[in-house]
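Written out below as structure tokens is the structure these notes cover.
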Amino acid sequence: MPAPASTTPILTPIADSLASILRVPGQILRDAAIAIDVNVAKGIFIAYFLLLILWVLSLRKEEVTVTNERKGTSVSLRPYAILALLSQVVIYLVF
């Protein structure tokens, strides 16, 4: 539904002034993001996921085990978490 004609002339200058104010910091952030090398960014993400794998490995058994109350069986979530994190590492290494 289009805005009433009476509010359109008021909102346009406000939007234009906000856009002109935010253009400078936006350009600074854009230039900073472009200056980051892709390989450095990939390395940071790979290191992050490797640190998460080390953290998962350091967790106590009680923190990574889930018990099925109906069957009474326990399942460790650690291998699944490590597999998910390793898949992220492989994705970043390949692409």
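In the condition set (1) part of a helix (DSSP H, G or I); (2) surrounded by 12 or more Cβ atoms within 10 Å (Cβ to Cβ), Ile28 is compliant with all but (2). Test of understanding: among Leu52, Leu22, Leu57, which residue is surrounded by 10 or more Cβ atoms within 10 Å (Cβ to Cβ), hydrophobic (A, V, I, L, M, F, W, C) and over 29 Å from Val90 (Cα atoms)? Checking each option against the conditions leaves just Leu22.
Taking the criterion of being in a helix (DSSP H, G or I), at pLDDT 95 or above and among the aromatic types (Phe, Trp, Tyr), would at least one residue in the range 52-59 satisfy it? Within the range 52-59, one or more residues are in a helix (DSSP H, G or I), at pLDDT 95 or above and among the aromatic types (Phe, Trp, Tyr).
With respect to the conditions (1) modelled with pLDDT of 95 or more; (2) assigned to a strand (DSSP E or B), Val75 lacks only one, and its number is (1).
Do the conditions hold for Asp37, that is, is it surrounded by 10 or more Cβ atoms within 10 Å (Cβ to Cβ), at pLDDT 90 or above and acidic (Asp, Glu)?
Against the criterion (surrounded by 10 or more Cβ atoms within 10 Å (Cβ to Cβ), at pLDDT 90 or above and acidic (Asp, Glu)), Asp37 does not qualify.
For the range 66-95, filtering for residues that are surrounded by 13 or more Cβ atoms within 10 Å (Cβ to Cβ), touching a Leu at 6+ places or on another chain (Cβ under 8 Å) and free of Cβ contacts under 8 Å to residues at least 40 places away in the same chain leaves 3.
The values are calculated or read from the model by the stated rules, or taken from the named source; none is laboratory data. Given the structure is predicted, the values throughout are model-derived calculations rather than measurements. No Cβ is skipped: glycine too gets one built from the backbone with ideal geometry, and neighbour counts run over all protein chains shown.
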